[in-house]
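A short reminder: the numbers here are calculations on the coordinates, not readings from a lab. This is a predicted model, so every value here is computed, not measured. Neighbour counts run over all protein chains shown; Cβ positions are idealised from the backbone, glycine included.
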Amino acid sequence: MLLDQRHWVADVVYRPVDTELLHHADARGAFTISGLGMAMHQAAEAFEIITGESADRAAMLNDLHDMVAAEAIRDRATTH
């Protein structure tokens, strides 16, 4: 793979968060961006359209990170 620290790599899928592409790019020193931000912004936009209220994007992103971390802990516990 021809990646190094000069590159930015985004993989805009929701799951898995740590894709093979991002794993390889990170191992080569590239800056990586997962699809979590995109997922949060899409959810926030939908919330605002449906409710007419402003979405707390920071809180939504924190909740999303917490959910992914909890899933990772659960997955490690069930595979051991």
Which helices of the chain meet both criteria: a Cα extent of 15 Å or more along the helical axis and a mean Kyte-Doolittle score no lower than 0.5, with helices taken as whole DSSP H segments?
36-51
Run through all the Cα pairs of the chain and give the fraction in each 10 Å bin from 0, expressed as whole percent.
17, 35, 32, 14, 2
Approximate spin-label separation I73-D26, in nm, with each point projected 7 Å along Cα-to-Cβ
1.8 nm
From the residues G52, I73, G37, which one has its Cα farthest along the dipole of the chain in the positive direction, the dipole being from +1 and -1 charges on Cβ of Lys/Arg and Asp/Glu about the Cα centre?
I73
Would you work out the charge dipole size for the chain about its Cα centre, treating the Cβ of every Lys and Arg as +1 and the Cβ of every Asp and Glu as -1, and quote it to the nearest 20 debye?
280 debye
For the chain the mean separation of alpha carbon contacts under 8 Å (6+ apart) over residue count, i.e. relative contact order in percent, is 24 percent
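If we count every other residue with Cβ under 12 angstrom of D4's Cβ, Lys/Arg +1 and Asp/Glu -1, where does the sum land? List each step's numbers first, then the result.
Working: positive: R6, R28; negative: D26.
With Lys, Arg at +1 and Asp, Glu at -1, the neighbours total +1.
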Collect residues whose amide H, placed 1.01 Å from N in the peptide plane, falls under 5 Å from the amide H of A10; neighbours closer than 5 in sequence don't count.
I33
Based on DSSP H runs of at least 4 residues, each adding -39500 (n - 2.57), what is the mean residue ellipticity at 222 nm of the chain after dividing by all its residues, to the nearest 500 deg cm²/dmol?
-19500 deg cm²/dmol
With θ set to phi - 60°, apply the Karplus curve 6.51 cos²θ - 1.76 cosθ + 1.60 along segment 8-18 and write out the HN-Hα couplings as whole Hz, x wherever there is a Gly or Pro.
10, 10, 10, 10, 8, 10, 6, 9, x, 5, 9
